[in-house]
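The values are calculated or read from the model by the stated rules, or taken from the named source; none is laboratory data. It should be emphasised that the depicted structure is a prediction, and the values quoted were computed from it without experimental measurement. Cβ placement follows ideal geometry from the backbone for every residue including glycine, while neighbour counts extend to all protein chains displayed. Accessible surface is based on the protein model in full, side chains and every heavy atom, while ligands, DNA and RNA are left aside. Shrake-Rupley method; radii C 1.70, N 1.55, O 1.52, S 1.80 Å.
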Amino acid sequence: MKDIAKRFPENPLLSPADLEPSIEGLHVACLLNPGVFRYNNKTWLLVRVAERPEQSEVHISFPVLTAAGETEIMEIALDDKELIATDTRVVRYKGVDYLTTLSHLRLLCSDDGIKFYEPEGYKKLFGTGALQTFGVEDCRVTFLEDKYYLTFTAVSDNGVGVCMRTTTDWKTYESHGMILPPHNKDCTIFEEKINGLFYALHRPSSVDIGGNYIWLAESPDGVHWGNHKCIVKTRSNSWDSARVGAGASPIKTEKGWLEIYHGANAGHQYCLGAFLLDLNDPSKVIARTVEPIMVPTEPYELSGFFGHVVFTNGHVVDNDTHTITIYYGAADEFVCGAKFLLVDIFAALGYNLQLE
Ligand code: MAN
């Protein structure tokens, strides 16, 4: 498989030990899947911080939020017959699924895009209300007409859906509730309207007929979504045979909207690929990479909280050098960086692009 990502030599850029836990009694188990944006001449990450208590040898324990926002710790004996704990990310207890960690979103910033720190005076974003009691995850940040749109996965015992908050100053937020109900995640809004409408990619899941496919939706206001169309499906016998999901906002290029997406196979290996959508009608897929453009290969991608994972939902585009810098979660535990040359991605899509 051809991997065209140029990983930062400084990887991993962030590890769990780099951040303080949000409350006493928890520790940071994973730092992953940051939304990315530019603000005040800095590169910012809205990183997913996944926490849980120190684990004992006889219990599994994990935090959940109440609808009022209090943190409670669930503790279950490992030899309890009603516990199924075969995946490090989720457990089933008495027929109910829980996450093994509770995630919130935290802002970090950087002058050079490599060394990130937590600036003072910015709130952590925690889950709120009955639809976010198992946390908030994997936020995409879209800048459109002077406003930042935060679309993130909201998890609770009601299911996994997409919630949205908006901000202009990263200090105050407006909550728009759940914009796409369960089961749905991996939602990213385009950074420009097309023919007067907002567009978004999202990933509903269908258990029986259908699958984990990428869909396109349109909206008059960015809050109410309709005219859903299924545009990118999993491919059998391929690296993206089990699930596909959008990364960050599609990048506008002269050839079309370029989207970097993740795909996983039945063995839960997560790689990245790319596809191209028509500029005027983004329901038309013009091209899609056959091979992945990035494959977990480095030690920090192969082993960690959940190994064999590269997952991105944030990038910065440099139009002078025609380069995309992605920030990505490695092994569901670390935040890393890598660059792609636009010409390399287009070559993988079957184009021979001349960029100056
Ligand atoms: C999957 C994984 C986890 C995530 C849950 C809920 O199990 O993507 O990382 O926490 O879904 O979204």
5 angstrom amide H check on Ile286, placed H, neighbours 5+ away: Leu276, Leu277, Asp278
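May I ask you to give the percent of accessible area on the chain that is carbon plus sulfur, with a probe radius of 1.4 Å? Please list the in-between numbers first.
Values: 7470 of 15400 Å².
Result for the chain: 48 percent of the exposed heavy-atom area is carbon or sulfur.
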Peptides 124-133, 322-331, 28-37 ordered by average Cβ neighbours within 10 Å, highest first: 28-37, 322-331, 124-133
Share of alpha-carbon pairs per 10 Å distance bin for the stretch 24-102, given as whole %: 16, 41, 26, 12, 5, 0
With DSSP loop assignment and no more than 15 other C-beta atoms within 10 Å, the GluC sites (Glu not before Pro) in the stretch 236-328 are Glu254
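Quick one: length gained pulling Leu353 to Glu75 fully straight, 0.36 nm per residue minus the C-alpha distance? Let's see the in-between values first.
Working: separation 278, 0.36 × 278 = 100.08 nm, distance 5.58 nm.
Value of the extension gain: 94.5 nm.
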Where is the GNM fluctuation largest for the chain (alpha-carbon springs, 10 angstrom cutoff): Arg140, Arg288, Arg89? Arg89
Taking 8 Å as the Cα distance limit and 6 or more residues as the minimum spacing, I'd like the relative contact order of the chain as a percentage. 16
If I model a spin label as a point 7 Å beyond the Cα along the Cα-Cβ vector, how far apart are those points for Asp97 and Lys6 in nm? 4.0
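Can you check what the net charge comes to around Thr234, using other residues whose Cβ is under 14 Å from the Cβ of Thr234 (Lys, Arg +1; Asp, Glu -1)?
Values: positive: Arg203, Lys233, Arg235, Arg243, Arg288; negative: Asp186, Asp240.
That sum, taken over residues with Cβ under 14 Å, equals +3.
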Whole-Hz Karplus ³J(HN,Hα) for the stretch 124-141, in order, using 6.51 cos²θ - 1.76 cosθ + 1.60 and θ = phi - 60°, x for Gly and Pro? 6, 9, 9, x, 9, x, 5, 8, 10, 5, 9, x, 10, 9, 6, 6, 9, 10
Taking the C-alpha atoms of the stretch 138-189, how large are the radius of gyration and the largest Cα-Cα span, Dmax, in Å? 11.0, 35
Please state the equivalent ellipsoid semi-axes for the stretch 191-273: what are the square roots of 5 times the Cα gyration tensor eigenvalues, largest first, in whole Å? 25, 16, 9
Tell me, what ³J(HN,Hα) does each residue in the stretch 93-102 have, in order and in whole Hz, if you take phi through Karplus 6.51 cos²θ - 1.76 cosθ + 1.60 with θ = phi - 60° and put x for Gly and Pro? 9, 6, x, 10, 8, 10, 8, 7, 9, 10
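So for the stretch 273-356, what are the equivalent ellipsoid semi-axes in whole Å, largest first, each being the square root of 5 times an eigenvalue of the Cα gyration tensor?
Numbers: eigenvalues 134, 44, 29 Å².
Square roots of five times the eigenvalues give 26, 15, 12 Å.
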Taking Lys255 as the anchor, which lysines have their alpha carbon closer than 25 Å to its alpha carbon, excluding any fewer than eight residues away along the same chain? Lys2, Lys6, Lys193, Lys229, Lys233, Lys284, Lys339
Segment Val343-Asn195, length gained on full extension (0.36 nm per residue, minus Cα span): 50.5 nm
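For the chain, with every protein chain kept in place, what is the accessible area per residue (1.4 Å probe, Å²)? It would help to have the intermediate numbers written out before the result.
Details: 15400 Å² over 356 residues.
Averaged over the residues of the chain, the accessible area is 43 Å².
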Can you give the FRET efficiency to the nearest 0.05 for Lys123 and Asn319, using r as the Cβ-Cβ distance and R₀ = 35 Å? 0.65
Highest-MSF residue in the chain out of Leu65, Leu302, Leu197 [GNM, Cα springs under 10 Å]: Leu197
Highest GNM mean-square fluctuation among Ala338, Ala50, Ala154, for the chain with Cα springs under 10 Å, belongs to Ala338
Protection proxy ranking of 346-354, 10-18 - average other beta-carbon atoms within 10 Å, highest first: 10-18, 346-354
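Can you pull the Kirkwood radius for the chain, inverse mean 1/r over Cα pairs, to one decimal in Å? Numbers along the way, then the final one.
Details: mean 1/r = 0.0487 Å⁻¹.
It works out to 20.5 Å.
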